[in-house]
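**Q** This structure is in structure tokens; I'll ask about it shortly.
The values are calculated or read from the model by the stated rules, or taken from the named source; none is laboratory data. Keep in mind that this is a model prediction, so the values were computed, not measured. Here the Cβ positions follow ideal geometry from the backbone for every residue, glycine too, while neighbour counts run over all protein chains shown.
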Amino acid sequence: MKKEILIGFGVGLIATLFGLVFAIQIFGKSDDWGVVIKQAIEEDFLTKLMSIGALLNLSAFFLFLKKNQDHRAKGVLIATILVLISTMIIKFMN
């Protein structure tokens, strides 16, 4: 059971990372990811990019639910909550 939750957690973090990269490619004003992230921090829209990146977790979550892999879906949910907490911390520290 713990292994299944960890697999779901890993999938959730990887989906968030891919979503963040995808959001950077779409909404970024440069091809260099470092420049885009630096601009996002300076212009205070990094949290928006992180939130858009976490949207891919929705598909992973419902895919695991459809396959009756509830523990993996729970891991994705935990990863999403971790991204939420990180986003809130970043948002309120600025």
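**Q** Being over 22 Å from Ile89 (Cα atoms), surrounded by 17 or more Cβ atoms within 10 Å (Cβ to Cβ) and modelled with pLDDT under 90 is the filter here, so list the residues in segment 1-55 that pass it.
**A** Hit for segment 1-55 is Gly28, nothing else.
**Q** Six or more apart or on different chains, Cβ under 8 Å: which pairs go from a residue in segment 41-67 that's on the phi < 0 side of the Ramachandran plot to one that's among the charged types (D, E, K, R) and surrounded by 12 or more Cβ atoms within 10 Å (Cβ to Cβ)? Could you list them?
**A** Final answer for the pair search is Thr47/Lys91; Phe64/Asp70; Phe64/Arg72.
**Q** What number of residues within segment 1-26 satisfy the criterion of being closer than 12 Å to Val83 by Cβ and polar (S, T, N, Q)?
**A** Going through segment 1-26 one residue at a time, the tally reaches 1.
**Q** Okay, next question. Could you pull out the residue among Leu46, Leu20, Leu6, Leu65 that is hydrophobic (A, V, I, L, M, F, W, C) and within 10 Å of the chain's Cα centre (by Cα)? Before the answer, list the steps.
**A** Values: Leu46 fails: within 10 Å of the chain's Cα centre (by Cα); Leu6 fails: within 10 Å of the chain's Cα centre (by Cα); Leu65 fails: within 10 Å of the chain's Cα centre (by Cα).
From the options Leu46, Leu20, Leu6, Leu65, the qualifying one is Leu20.
**Q** Right, something else. Restricting to segment 39-77, give me the number of residues that are closer than 18 Å to Phe9 by Cβ and either in a loop (DSSP other than H, G, I, E, B) or among the hydrophobic types (A, V, I, L, M, F, W, C) (or both). Full working, then the answer.
**A** Let us first name the residues in segment 39-77 that are closer than 18 Å to Phe9 by Cβ, namely 50, 53-65, 67, 69-77.
Imposing the further condition that a residue be either in a loop (DSSP other than H, G, I, E, B) or among the hydrophobic types (A, V, I, L, M, F, W, C) (or both) reduces the set to 50, 54-56, 58, 60-65, 67, 69, 73, 76-77.
Within segment 39-77, residues that are closer than 18 Å to Phe9 by Cβ and either in a loop (DSSP other than H, G, I, E, B) or among the hydrophobic types (A, V, I, L, M, F, W, C) (or both) number 16.
**Q** Looking at this structure, is Ser30 outside any helix (DSSP H, G or I) and small (Gly, Ala, Ser)? Before you say what the answer is, go through the steps one by one.
**A** Details: outside any helix (DSSP H, G or I): yes; small (Gly, Ala, Ser): yes.
Criteria met by Ser30.
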